[in-house]
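First the structure, in the form of structure tokens, and then the observations on it.
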Amino acid sequence: MNMNFEERTAAIGALLRDEVLKRYNRPDYMSDDIARREIADMVSDMNHEWPVMSRERFTAVAADFHRHLRKVHGSRNWPTIAAMVKALREASKLPATTTSEDEPPHIYDMVADWWREKGGAFPSLAKRHHAARLVQAGLATWGELRRKGFPIPDERVEEAKAEPDPHHEAKLAEIAAVAERLRTSGWAGKVAAAPEKRGHWAKAALPDDPRWQALKEARDRAGVVLP
């Protein structure tokens, strides 16, 4: 399972503070406050360069990153962000430019809030990896996301299709209940007594019968096309 943005932020911060930067001297001109801000910038920039991967893969890339950094940075002072990015690309075999589904945390927060409030996919922002996080958080199921037009991973499509739609089941139950009430009331006999009307569900068949209206409205809500 891939690390999320927050997990990788913490892991990169620990890597730089506890392993990489300890091997070098902090520049004399840097006060404690400036040094803290410099480390924060390093973590942020490295996080946006670091590709999406599992924790196990992260550990392996971190070791290679450290080795490549020693090759490209000859000074005893802290390495520059540019030197660290170059070492990372060598360690993870990245091309000069990369794309990934990674992003700042507030993007997912916007997508999740939209789902909670509107029950749909945030236009132009919702992505497959957001779907996985919504399911993990218990905010949705794969079936719900698919029915609402939210993009989901290809490997989850069949699972989503097989998931029962509770709203559809409720509509079918409503239709069955109305039909049963009509059957037990003897209304069906009126239709049987008028063969010229049989098979035609036009309102004119029994225009003044409220039970007909109840059945028709229930079927309309369920999206059933009457013959």
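The values are calculated or read from the model by the stated rules, or taken from the named source; none is laboratory data. Note that this is a predicted model, so its numbers are computed, not measured. All Cβ positions, even for glycine, are placed from backbone atoms using ideal geometry, and neighbour counts span all protein chains on display.
Yes/no matrix, rows are residues, columns are (1) part of a loop (DSSP other than H, G, I, E, B); (2) outside the structural domain of A214 (by TED's automatic domain parsing); (3) closer than 30 Å to A214 by Cβ; (4) in contact with a Leu (Cβ under 8 Å, 6 or more places away or on another chain):
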{"residue": "F122", "(1), (2), (3), (4)": "yes, yes, no, no"}
{"residue": "H129", "(1), (2), (3), (4)": "no, yes, no, no"}
{"residue": "V135", "(1), (2), (3), (4)": "no, yes, no, yes"}
{"residue": "R146", "(1), (2), (3), (4)": "no, yes, no, no"}
{"residue": "G149", "(1), (2), (3), (4)": "yes, yes, no, no"}
{"residue": "V157", "(1), (2), (3), (4)": "no, yes, no, no"}
{"residue": "V178", "(1), (2), (3), (4)": "no, no, yes, yes"}
{"residue": "L182", "(1), (2), (3), (4)": "no, no, yes, yes"}
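If T97 passes every condition in (1) closer than 22 Å to V52 by Cβ; (2) modelled with pLDDT of 85 or more; (3) not in a helix (DSSP H, G or I) but one, which one does it miss?
(2)
Surrounded by 13 or more Cβ atoms within 10 Å (Cβ to Cβ), in contact (Cβ under 8 Å) with a residue 40 or more places away in the chain and either polar (S, T, N, Q) or touching a Pro at 6+ places or on another chain (Cβ under 6 Å) (or both): does that describe N47?
Numbers: surrounded by 13 or more Cβ atoms within 10 Å (Cβ to Cβ): yes; in contact (Cβ under 8 Å) with a residue 40 or more places away in the chain: yes; either polar (S, T, N, Q) or touching a Pro at 6+ places or on another chain (Cβ under 6 Å) (or both): yes.
Spelling it out, N47 is indeed surrounded by 13 or more Cβ atoms within 10 Å (Cβ to Cβ), in contact (Cβ under 8 Å) with a residue 40 or more places away in the chain and either polar (S, T, N, Q) or touching a Pro at 6+ places or on another chain (Cβ under 6 Å) (or both).
Taking the criterion of being within 28 Å of L125 (Cα to Cα) and touching a residue at least 60 places away in the same chain (Cβ under 8 Å), would at least one residue in the stretch 92-103 satisfy it?
Looking through the stretch 92-103, at least one residue is within 28 Å of L125 (Cα to Cα) and touching a residue at least 60 places away in the same chain (Cβ under 8 Å).
Just a yes or no: is a residue in the stretch 27-39 in contact with an Asp or Glu (Cβ under 8 Å, 6 or more places away or on another chain) and either surrounded by fewer than 15 Cβ atoms within 10 Å (Cβ to Cβ) or on the phi < 0 side of the Ramachandran plot (or both)? Outline the logic, then answer.
Of all residues in the stretch 27-39, those in contact with an Asp or Glu (Cβ under 8 Å, 6 or more places away or on another chain) come to 30.
Imposing the further condition that a residue be either surrounded by fewer than 15 Cβ atoms within 10 Å (Cβ to Cβ) or on the phi < 0 side of the Ramachandran plot (or both) reduces the set to 30.
Checked the stretch 27-39: at least one residue is in contact with an Asp or Glu (Cβ under 8 Å, 6 or more places away or on another chain) and either surrounded by fewer than 15 Cβ atoms within 10 Å (Cβ to Cβ) or on the phi < 0 side of the Ramachandran plot (or both).
Exactly one of (1) in a loop (DSSP other than H, G, I, E, B); (2) modelled with pLDDT under 90; (3) over 12 Å from the mean Cα position of the chain (by Cα) is unmet by P79. Its number?
Tallying (1) in a loop (DSSP other than H, G, I, E, B); (2) modelled with pLDDT under 90; (3) over 12 Å from the mean Cα position of the chain (by Cα), P79 fails exactly one: (2).
Go through D28, D18 for me and flag whichever is over 12 Å from A91 (Cβ atoms), without any contact (Cβ under 8 Å) to a residue 24 or more places away in the chain and either not charged (D, E, K, R) or not in a helix (DSSP H, G or I) (or both). Walk me through how you get there before you give the answer.
Values: D18 fails: either not charged (D, E, K, R) or not in a helix (DSSP H, G or I) (or both).
Sole residue among the options that is over 12 Å from A91 (Cβ atoms), without any contact (Cβ under 8 Å) to a residue 24 or more places away in the chain and either not charged (D, E, K, R) or not in a helix (DSSP H, G or I) (or both): D28.
Only one of V52, V85 is part of a helix (DSSP H, G or I) and either surrounded by 11 or more Cβ atoms within 10 Å (Cβ to Cβ) or in contact with a Lys or Arg (Cβ under 8 Å, 6 or more places away or on another chain) (or both); which? Let's see the steps before the verdict.
Numbers: V52 fails: part of a helix (DSSP H, G or I).
Matching residue, one of V52, V85: V85.
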